[in-house]
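Before any comments, here is the structure.
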Amino acid sequence: LGIEHSRRFVLLKEAGNDARLKTVKVFDVHDDSVLVQIDEFKEHNKLFTSDKGQLRMCDYVLLTRVRNQEMILFIEMKSETVKIKEIEQKFNGALCIMD
């Protein structure tokens, strides 16, 4: 978490060489929010096989509150054409880890 102009934010980074958008700031996050760069979590390789995309992960998971309601936000940063099946696999893989 960071603070800029009296507003809390989390910084998302995309390290891929082909990424056009390298950083994104998400402002006004709750002070007890937790940001997890889930695509760096390698332990899921021991839990799943890769035959249906289970090893794919979205980039980040943000655990936060919005209007006093606890939320889990799955975030995928893309700079290229979106392939729906690939995105579904990444969100489902992340959901399995979070569940």
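The table below lists the values:
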quantity	calculated
Residue-level accessible surface for residue 57, protein heavy atoms, 1.4 Å, Å²	10 Å²
Exposure of residue 3 as accessible area (Å², to 10), given a probe of 1.4 Å and all protein chains	120 Å²
Exposure ranking of 22, 78, 13 by accessible area [1.4 Å probe, largest first]	13, 22, 78
Theoretical gain in end-to-end length, residue 34 to residue 78 [0.36 nm per residue, Cα-Cα removed]	13.7 nm
Residue-level accessible surface for residue 32, protein heavy atoms, 1.4 Å, Å²	80 Å²
Separation in nanometres of the label points that stand 7 Å from Cα toward Cβ, at residue 92 and residue 71	2.5 nm
Separation in nanometres of the label points that stand 7 Å from Cα toward Cβ, at residue 23 and residue 11	0.4 nm
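The values are calculated or read from the model by the stated rules, or taken from the named source; none is laboratory data. Here the structure is a predicted model, which is why all the values come from computation and not from measurement. Don't worry about glycine lacking a Cβ; one is built from the backbone with ideal geometry, like all the others, and counts go over all protein chains shown. Surface accessibility is based on the protein's heavy atoms, side chains included, excluding ligands, DNA and RNA. Shrake-Rupley method; radii C 1.70, N 1.55, O 1.52, S 1.80 Å.
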